[in-house]
Amino acid sequence: MHRVWSMLAAMPPVRRLSTGRVAVEAVAIVDQQGYDTLSVSGVAEALDVAPSALYTYCDGVAGLRNLVAVQATRNLTREVRDAATGAAGETALDAMADAYRSFAARFPGQFAATLSPPRRDDHDLAEADADLLDVFVLVYGAMGLDADRSRSAARSTRSAIHGFVALEHTAAPGSGDDRDYQHLLQTVYAGLVR
């Protein structure tokens, strides 16, 4: 019996898998290697499990991509929210826009995942997108816009920022022009709060 206990004690600890753990590892891979490199076998290898073990938590590469998109959107939301904290009006919007753009530059793999549309069978990404939009809604509400106008302004602003950054993301690194970005933001704000 002592021998059996000795053998069990010498075995490496069993790592419990969870959807969160799979998502964190998948995000780490896209941050290090790029979004296009994401694979079930790569995540399984990083977690030291058989690829088949992941199918409890995701349905193949499409499921992994969705997990990364949800986590990346939550990460982006946190950075945008943090940037707005303690600021108001255009200052808050500028800080949020800078955080959005900075996130894309620092985490291109995660940002690529945010370009994915929500899947019909999974509400997590739609919910994460709504949380990000709500940060913009709150800032516009604090600027005196009513609920409907705040939501419309938030959608327009996020769309403009996301579109600019997505185009910049797909171009050569460092090809973005700060003046063009500032012009976009000033134009959007002027049109929305007029």
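The values are calculated or read from the model by the stated rules, or taken from the named source; none is laboratory data. None of these values were measured; they are calculated from a predicted model. Counting neighbours? That spans all protein chains shown, and the Cβs are built from the backbone with ideal geometry, glycine included. Side chains included, ligands, DNA and RNA excluded: accessible areas come from the protein's heavy atoms. Shrake-Rupley method; radii C 1.70, N 1.55, O 1.52, S 1.80 Å.
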If R0 = 35 Å, then residue 167 and residue 56, at their Cβ-Cβ distance, give a FRET efficiency to the nearest 0.05 of 0.40
Rg from C-alpha atoms of the range 126-174, normalised by the globular rule of thumb 2.2 N^0.38 Å, equals 1.33
Here the Cα Rg-to-2.2 N^0.38 Å ratio for the range 40-90 is 1.67
Taking a probe of 1.4 Å and leaving out DNA, RNA and ligands, the chain shows per residue an accessible area in Å² of 56 Å²
Of the accessible area of the chain, computed with a 1.4 Å probe and all protein chains kept, carbon and sulfur make up a percent value of 55 percent
Burial-style ranking of 96-104, 146-154, 35-43, average other-beta-carbon count within 10 Å with highest first, yields 96-104, 35-43, 146-154
Matching label for the computed P(r) over Cα pairs in 10 Å bins from 0, in percent, out of (i) 9, 31, 28, 17, 9, 4, 2, 0, 0; (ii) 9, 37, 39, 15, 0; (iii) 10, 37, 35, 14, 3, 1, is (i)
The computed P(r) of the range 83-194 puts the percent of Cα pairs beyond 16 Å at 60 percent
Dipole check, the chain, charges on Cβ (K,R +1; D,E -1), about Cα centroid: among 23, 54, 38 the Cα furthest to the positive pole belongs to 54
Quick calc, the range 19-137, dipole around Cα centre from Cβ unit charges on Lys, Arg (+) and Asp, Glu (-), nearest 20 debye, gives 100 debye
